[in-house]
Amino acid sequence: MSNSTIASGATAYVSHSSCGMHDMGKGHPECPARLAAIQDRLIAAGLWDYLLHVDAEPATRAQVERVHLAPYLDELAQRSPAVGTVQLDPDTAINAYTLRAAYHAAGAGIRAADLVMQGKAQNAFCAIRPPGHHAERDKSMGFCFFNNVAVAAYHLIAEYGLQRIAIIDFDVHHGNGTEDICAGDERILMVSIFQHPFYPYSGDQPKGSNMLNVPMARAATGQDFREVVSERWLPALRAFAPEFILISAGFDAHLEDDMGSLGLVEADYAWVTRQLMKIAAEFSSHRIVSLLEGGYDLSALGRSVAEHVRVLTGE
Ligand SMILES: [Zn+2]
């Protein structure tokens, strides 16, 4: 869809074909099929045609350097292979297309933020991989290379002068990378839930007063999640009065996702999205950009994203 047809009030779907070419090897759960599963389900749900489909542009090196150190970016480029894969840690590997995908994934959040700030879309979902919330300032880990949500946050601060950005993270894993980058910056409030104790074994001791980390025991249910959101997240978000809401949207806390042991279902993702839409309506002129993080059971991922996006479209 060309830019001229983009209307305000719509939900943008920002992605790029390169995100399907990053591949960490046969059997790896963070696989290209995740994006295909999301697309299939959005088509089946009748939502696909109602979204504003926008191609991401790659983030610039300067945009990524707002949150990552230059030597780290140089090292990634040096280790990027022409063929095959290079293992960076036991979970995380780089192939010939990884960095191109990573720059486009980070660029998707920037493109989405621009569309929303410029009134060309009301909100946006970024269908991207590699994910980002484990990537620290100078370290790739947990399937993540660039911290996409942090890149988007600091783009909003640098380009639009925003002073209060909320980052919501409902992935089953703690967003240690986002905390590493954003802790102590009072322009950002990060609220999260995560299974604990569980990979990456952090988050129980927040690294800054702008971090509202809520660890959850294994087998916690959707009802438990809703109580945390109602009693902890929403009062903090209202007190913060965000000008923009960014979501680290991981769907691996789903009951059917074997990666974690929490019990959320599609209705819980729809519900939390509705709560965040209300906060956005009240404080941030409806501005929300959601970026895909985890979610590894392909059916549950597709169904959960469809419900999340359905609520974003206002249905
Ligand atoms: Zn995760």
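Worth a mention:
- Of everything in the stretch 103-148 that is within 16 Å of the ligand (Cβ to nearest atom) and assigned to a helix (DSSP H, G or I), the residue that is surrounded by the most Cβ atoms within 10 Å (Cβ to Cβ) is Asn148.
- Each residue in the stretch 246-272 was checked for being more than 11 Å from the ligand (Cβ to nearest atom) and either within 26 Å of Phe283 (Cβ to Cβ) or of a type in the set (Asp, Glu) (or both), and 12 pass.
- Condition met for Ser192 (small (Gly, Ala, Ser), within 16 Å of the ligand (Cβ to nearest atom) and over 29 Å from Asp74 (Cα atoms)): yes
- Pair list, Cβ < 7 Å and 6+ apart or interchain, from the stretch 173-195 residues that are free of Cβ contacts under 8 Å to residues at least 24 places away in the same chain and basic (Lys, Arg) to residues that are assigned to a helix (DSSP H, G or I) and more than 16 Å from the ligand (Cβ to nearest atom): none
- The residues of the stretch 61-82 that are free of Cβ contacts under 8 Å to residues at least 12 places away in the same chain and under 20 Å from Val149 (Cβ atoms), listed by number, are Ala62, Glu65.
- Filter result (at positive phi and either of a type in the set (Lys, Arg) or in contact with a Gly (Cβ under 8 Å, 6 or more places away or on another chain) (or both)) within the stretch 144-188: Gly184
- Residue within the stretch 236-253 that is charged (D, E, K, R), more than 29 Å from Lys120 (Cα to Cα) and open to solvent by less than 10 Å² (accessible area, probe 1.4 Å) present: yes
- Residue in the stretch 292-314 that is open to solvent by 50 Å² or more (accessible area, probe 1.4 Å), more than 14 Å from Pro29 (Cβ to Cβ) and outside any helix (DSSP H, G or I) present: yes
- Qualifying residues in the stretch 62-95 (those that are assigned to a helix (DSSP H, G or I) and of a type outside the set (A, V, I, L, M)) - the one surrounded by the most Cβ atoms within 10 Å (Cβ to Cβ): Gln63
The values are calculated or read from the model by the stated rules, or taken from the named source; none is laboratory data. In this text the structure is predicted, and so the values were computed from the model without any measurement. Cβ atoms come from the backbone with ideal geometry, glycine included; neighbour counts cover every protein chain shown. Side chains are part of the model used for accessible areas, which takes the heavy atoms of the whole protein and leaves out ligands, DNA and RNA. Shrake-Rupley method; radii C 1.70, N 1.55, O 1.52, S 1.80 Å.
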